[in-house]
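No lab work stands behind these numbers, since they all come straight from the coordinates. Keep in mind the model is a prediction, meaning the values are calculated, not measured. Reconstructed Cβ throughout: ideal geometry from the backbone, glycine too, with neighbour counts over all protein chains shown.
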Amino acid sequence: QGRSVLLLDEPTAGLSQEEAKGFISMIGKLSPSITVVMIDHDIDTLFEIAKRVIVLHFGTVVAYGSPSEIKMNSQVQEIYMGG
């Protein structure tokens with residue numbers, strides 16, 4: 001039996017905060033057998049959902065880890081969070 005993969009590209013774009021919260025809740029209820037790959041610029045939403053984060057900068061991986069590891073990464077802070 002294969003695994004399912006759900007690919008999402010900026011799924012919360014255009015949603016209100018309430019709608020985005022509903023989306024986050026819905027993703028959290030998915031079966032663990034589903035791998036979710038989500039591309040988004042909404043870092044807070046990603047940190048709420050993700051177990052692992054890959055950060056790209058101009059197509060190059062600059063960081064990989066848990067949300068807490070990514071938050072603490074100085075290179076990610078400099079590039080995406082204003083230092």
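Is it true that some residue in segment 51-68 is among the charged types (D, E, K, R) and over 22 Å from R3 (Cα atoms)?
no
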Residue count, segment 1-30 (criterion: touching a residue at least 12 places away in the same chain (Cβ under 8 Å) and among the polar types (S, T, N, Q)): 2
